[in-house]
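The values are calculated or read from the model by the stated rules, or taken from the named source; none is laboratory data. All figures in this text were calculated on a predicted structure; none of them were measured in a lab. In this analysis, Cβ positions are derived from the backbone assuming ideal geometry, glycine residues included, and neighbour counts consider all displayed protein chains. Each accessible area value is taken on the protein alone, full model and side chains, heavy atoms only, with ligands, DNA and RNA left out. Shrake-Rupley method; radii C 1.70, N 1.55, O 1.52, S 1.80 Å.
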Amino acid sequence: MGAPSPFTIPHGIIVSCQAEAGSPTDDLRMIIAFAQSAALGGAVGLRLAGAEHIVAVRAVSELPIIGIHKDYVPGELVLITGDARHVPPLSAAGAQIIAFDATERQRPSTLDEIVATIHANGAAALADLRSLRDMDAALAAGADVLATTPSVWDLPEYVPDLALIEAIARRWDGPIIAEGNFWTPDDVRRAFDAGARAVVIGSAITRPWKITEYYVRAAKR
(Lines give C-alpha, C1' and ligand atoms only; values in the text may rest on other atoms or scores of the structure.)
Protein backbone atom coordinates (compact mmCIF):
# COMPACT_ATOMS: atom_id res chain seq x y z
CA MET A 1 0.00 0.00 0.00
CA GLY A 2 1.26 3.47 -0.85
CA ALA A 3 1.78 6.16 1.76
CA PRO A 4 -1.02 8.63 2.41
CA SER A 5 -0.68 12.13 1.04
CA PRO A 6 1.06 14.59 3.41
CA PHE A 7 -1.50 17.20 2.35
CA THR A 8 -2.88 19.21 5.28
CA ILE A 9 -6.56 20.10 5.45
CA PRO A 10 -6.78 23.91 5.52
CA HIS A 11 -8.89 25.72 8.12
CA GLY A 12 -11.85 27.50 6.56
CA ILE A 13 -14.71 27.09 4.11
CA ILE A 14 -14.73 24.50 1.35
CA VAL A 15 -17.33 24.93 -1.39
CA SER A 16 -18.98 21.91 -2.98
CA CYS A 17 -19.27 22.78 -6.68
CA GLN A 18 -21.61 20.13 -8.03
CA ALA A 19 -24.78 19.97 -10.11
CA GLU A 20 -27.63 17.49 -10.23
CA ALA A 21 -28.20 15.91 -13.63
CA GLY A 22 -30.82 17.90 -15.54
CA SER A 23 -30.74 20.86 -13.16
CA PRO A 24 -30.30 24.46 -14.42
CA THR A 25 -26.66 24.40 -13.31
CA ASP A 26 -25.79 21.08 -14.98
CA ASP A 27 -23.18 22.65 -17.24
CA LEU A 28 -19.39 22.48 -17.02
CA ARG A 29 -19.20 26.25 -17.40
CA MET A 30 -21.34 26.64 -14.30
CA ILE A 31 -19.07 24.34 -12.30
CA ILE A 32 -16.05 26.39 -13.31
CA ALA A 33 -17.88 29.62 -12.45
CA PHE A 34 -18.86 28.24 -9.04
CA ALA A 35 -15.23 27.32 -8.35
CA GLN A 36 -13.89 30.69 -9.44
CA SER A 37 -16.55 32.49 -7.41
CA ALA A 38 -15.68 30.40 -4.35
CA ALA A 39 -12.03 31.38 -4.72
CA LEU A 40 -12.93 35.06 -5.00
CA GLY A 41 -14.97 34.75 -1.82
CA GLY A 42 -12.10 33.27 0.17
CA ALA A 43 -12.81 29.53 0.08
CA VAL A 44 -9.86 27.34 1.08
CA GLY A 45 -10.88 24.33 -1.00
CA LEU A 46 -13.41 22.76 -3.37
CA ARG A 47 -15.35 19.50 -3.51
CA LEU A 48 -15.99 18.25 -7.05
CA ALA A 49 -17.63 15.21 -8.62
CA GLY A 50 -15.97 13.41 -11.50
CA ALA A 51 -12.62 13.64 -13.25
CA GLU A 52 -13.98 15.88 -16.02
CA HIS A 53 -15.00 18.57 -13.55
CA ILE A 54 -11.76 18.26 -11.60
CA VAL A 55 -9.63 18.67 -14.72
CA ALA A 56 -11.63 21.72 -15.84
CA VAL A 57 -11.43 23.43 -12.46
CA ARG A 58 -7.78 22.53 -11.89
CA ALA A 59 -7.00 24.41 -15.12
CA VAL A 60 -8.28 27.67 -13.59
CA SER A 61 -7.71 27.19 -9.85
CA GLU A 62 -4.95 26.14 -7.49
CA LEU A 63 -7.31 25.55 -4.56
CA PRO A 64 -7.14 22.11 -2.93
CA ILE A 65 -9.73 19.72 -4.37
CA ILE A 66 -11.68 16.94 -2.71
CA GLY A 67 -12.66 14.59 -5.52
CA ILE A 68 -15.54 12.11 -5.53
CA HIS A 69 -17.21 9.73 -7.93
CA LYS A 70 -20.98 9.52 -7.67
CA ASP A 71 -23.07 6.50 -8.60
CA TYR A 72 -26.84 6.75 -8.70
CA VAL A 73 -28.10 3.25 -7.93
CA PRO A 74 -31.84 2.60 -8.38
CA GLY A 75 -33.53 2.30 -5.01
CA GLU A 76 -30.45 3.55 -3.15
CA LEU A 77 -29.09 6.90 -2.05
CA VAL A 78 -25.99 8.30 -3.72
CA LEU A 79 -22.94 6.10 -3.20
CA ILE A 80 -19.75 8.16 -3.08
CA THR A 81 -16.66 6.51 -4.55
CA GLY A 82 -17.76 3.02 -3.64
CA ASP A 83 -15.53 1.32 -6.23
CA ALA A 84 -11.73 1.46 -5.98
CA ARG A 85 -11.54 1.55 -9.79
CA HIS A 86 -12.90 5.10 -9.71
CA VAL A 87 -10.04 6.40 -7.59
CA PRO A 88 -7.13 6.68 -10.09
CA PRO A 89 -8.97 9.00 -12.54
CA LEU A 90 -9.84 11.39 -9.68
CA SER A 91 -6.26 11.54 -8.48
CA ALA A 92 -4.86 11.88 -12.00
CA ALA A 93 -7.29 14.75 -12.64
CA GLY A 94 -5.82 16.74 -9.75
CA ALA A 95 -7.66 15.82 -6.53
CA GLN A 96 -5.37 15.83 -3.48
CA ILE A 97 -8.11 14.32 -1.31
CA ILE A 98 -10.57 11.63 -2.37
CA ALA A 99 -13.78 11.13 -0.41
CA PHE A 100 -15.55 7.79 -0.12
CA ASP A 101 -18.78 6.53 1.43
CA ALA A 102 -17.85 4.91 4.75
CA THR A 103 -21.38 3.92 5.77
CA GLU A 104 -22.49 0.33 6.25
CA ARG A 105 -24.16 0.06 2.87
CA GLN A 106 -22.99 -2.48 0.31
CA ARG A 107 -20.38 -1.29 -2.20
CA PRO A 108 -18.36 -2.85 -5.03
CA SER A 109 -15.08 -2.51 -3.08
CA THR A 110 -14.26 -2.90 0.61
CA LEU A 111 -13.21 0.09 2.70
CA ASP A 112 -9.70 -1.38 2.92
CA GLU A 113 -9.48 -1.65 -0.87
CA ILE A 114 -10.72 1.90 -1.40
CA VAL A 115 -8.36 3.48 1.14
CA ALA A 116 -5.39 1.46 -0.09
CA THR A 117 -6.05 2.57 -3.67
CA ILE A 118 -6.41 6.22 -2.62
CA HIS A 119 -3.06 6.07 -0.80
CA ALA A 120 -1.40 4.21 -3.67
CA ASN A 121 -2.41 7.11 -5.92
CA GLY A 122 -0.83 9.67 -3.61
CA ALA A 123 -4.02 11.20 -2.21
CA ALA A 124 -5.48 11.53 1.26
CA ALA A 125 -8.52 9.37 2.09
CA LEU A 126 -11.59 11.20 3.39
CA ALA A 127 -14.30 9.03 4.96
CA ASP A 128 -17.89 10.32 4.73
CA LEU A 129 -19.56 9.12 7.93
CA ARG A 130 -23.11 8.62 9.09
CA SER A 131 -22.26 7.50 12.64
CA LEU A 132 -19.49 6.82 15.14
CA ARG A 133 -19.66 3.16 14.13
CA ASP A 134 -18.73 4.25 10.60
CA MET A 135 -15.83 6.20 12.08
CA ASP A 136 -14.35 3.12 13.72
CA ALA A 137 -14.51 1.15 10.47
CA ALA A 138 -13.04 4.03 8.43
CA LEU A 139 -10.12 4.54 10.79
CA ALA A 140 -9.44 0.81 10.86
CA ALA A 141 -9.19 0.96 7.08
CA GLY A 142 -6.68 3.83 7.29
CA ALA A 143 -8.76 6.96 6.60
CA ASP A 144 -6.83 10.23 7.03
CA VAL A 145 -9.77 12.64 7.29
CA LEU A 146 -13.33 12.25 8.58
CA ALA A 147 -16.42 14.10 7.35
CA THR A 148 -20.05 14.16 8.48
CA THR A 149 -21.51 14.36 4.96
CA PRO A 150 -24.21 11.59 5.09
CA SER A 151 -25.09 11.99 8.77
CA VAL A 152 -27.73 14.61 7.97
CA TRP A 153 -29.89 11.96 6.30
CA ASP A 154 -31.19 11.37 9.82
CA LEU A 155 -31.88 15.05 10.57
CA PRO A 156 -34.44 17.66 9.46
CA GLU A 157 -33.58 19.89 6.52
CA TYR A 158 -31.27 22.85 7.34
CA VAL A 159 -30.07 21.15 10.57
CA PRO A 160 -26.35 20.21 10.56
CA ASP A 161 -25.05 17.33 12.67
CA LEU A 162 -23.06 19.28 15.24
CA ALA A 163 -23.44 16.49 17.78
CA LEU A 164 -21.56 14.02 15.57
CA ILE A 165 -18.75 16.52 15.04
CA GLU A 166 -18.39 16.92 18.81
CA ALA A 167 -18.51 13.15 19.35
CA ILE A 168 -15.81 12.53 16.74
CA ALA A 169 -13.60 15.27 18.18
CA ARG A 170 -13.82 13.71 21.64
CA ARG A 171 -12.48 10.41 20.32
CA TRP A 172 -10.07 11.49 17.56
CA ASP A 173 -7.63 14.37 17.20
CA GLY A 174 -7.28 14.16 13.42
CA PRO A 175 -8.87 16.52 10.86
CA ILE A 176 -12.67 16.68 10.79
CA ILE A 177 -14.65 18.21 7.95
CA ALA A 178 -18.22 19.29 8.72
CA GLU A 179 -20.62 18.92 5.82
CA GLY A 180 -24.37 18.79 5.35
CA ASN A 181 -27.20 21.27 5.97
CA PHE A 182 -25.00 24.30 6.67
CA TRP A 183 -27.03 27.40 5.86
CA THR A 184 -26.13 30.06 8.42
CA PRO A 185 -22.88 31.68 9.64
CA ASP A 186 -23.90 30.76 13.19
CA ASP A 187 -24.00 27.06 12.32
CA VAL A 188 -20.59 27.37 10.70
CA ARG A 189 -19.12 28.99 13.81
CA ARG A 190 -20.67 26.26 15.96
CA ALA A 191 -19.10 23.59 13.74
CA PHE A 192 -15.64 25.08 14.26
CA ASP A 193 -16.29 25.34 17.99
CA ALA A 194 -17.29 21.65 17.98
CA GLY A 195 -13.94 20.65 16.52
CA ALA A 196 -14.19 20.92 12.72
CA ARG A 197 -11.06 21.84 10.75
CA ALA A 198 -13.14 22.93 7.75
CA VAL A 199 -16.81 23.31 6.80
CA VAL A 200 -18.18 22.35 3.39
CA ILE A 201 -20.98 24.51 2.01
CA GLY A 202 -22.92 23.17 -0.95
CA SER A 203 -26.58 23.96 -1.63
CA ALA A 204 -26.49 27.29 0.23
CA ILE A 205 -24.03 28.54 -2.39
CA THR A 206 -24.41 26.49 -5.56
CA ARG A 207 -28.12 25.63 -5.82
CA PRO A 208 -29.96 28.89 -6.55
CA TRP A 209 -33.37 27.24 -6.45
CA LYS A 210 -32.67 25.84 -2.98
CA ILE A 211 -31.49 29.25 -1.80
CA THR A 212 -34.70 30.78 -3.13
CA GLU A 213 -36.77 28.07 -1.45
CA TYR A 214 -35.00 28.76 1.86
CA TYR A 215 -36.12 32.39 1.83
CA VAL A 216 -39.55 31.61 0.40
CA ARG A 217 -40.21 29.39 3.40
CA ALA A 218 -39.38 32.28 5.71
CA ALA A 219 -41.80 34.52 3.81
CA LYS A 220 -44.67 32.10 4.45
CA ARG A 221 -44.40 32.19 8.23
message = In Å², and per residue, what accessible area does the chain have when probed at 1.4 Å with the other protein chains present?
response = 47 Å²
task = At most 14 other Cβ atoms within 10 Å and a DSSP loop assignment: could you name the GluC sites (Glu not before Pro) in segment 57-126 that fit?
result = 62, 76, 104
Inter-label distance, nm, simple model (7 Å from Cα along the C-beta direction), residue 140/residue 219 = 5.1 nm
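Need one word for segment 40-162: rounded, prolate or oblate. Basis is the Cα gyration tensor (sqrt eigenvalues a ≥ b ≥ c); a/c below 1.5 gives rounded, then a/b vs b/c decides.
The shape class here is oblate.
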inquiry  = How much of the DSSP bridge set in the chain is antiparallel, in percent, rounded to the nearest 5?
reply    = 5 percent
query = Once you mark the chymotrypsin sites (Phe, Trp or Tyr not before Pro) that are in a DSSP loop and have at most 16 other Cβ atoms within 10 Å, what is the longest gap between them in the chain?
reply = 73-157
request  = Measure off, as a whole percent, the carbon and sulfur share of the 1.4 Å-probe accessible area of segment 160-212, all protein chains present.
outcome  = 47 percent
request  = Can you send over the carbon and sulfur percentage of the accessible area for segment 88-130, probe radius 1.4 Å, protein chains only?
outcome  = 50 percent
task = Kindly work out what percent of the DSSP beta bridges joining two residues of segment 5-94 are antiparallel, to the nearest 5.
result = 20 percent
message = Can you tell me how the chain classifies by the Cα gyration tensor, rounded, prolate or oblate, using a/c under 1.5 as the rounded cut?
response = rounded
ask   = For 86, 119, 11, what's the largest-to-smallest order of accessible area, 1.4 Å probe?
value = 11, 86, 119
inquiry  = Within the chain, which whole H helices from DSSP have a Cα span along their axis of at least 15 Å and a mean Kyte-Doolittle hydropathy of -0.5 or more, if any?
reply    = 28-40, 208-219
inquiry  = Helix-only mean residue ellipticity at 222 nm, the chain, DSSP H runs n ≥ 4 weighted -39,500 (n - 2.57), per residue, nearest 500. What is it?
reply    = -11000 deg cm²/dmol
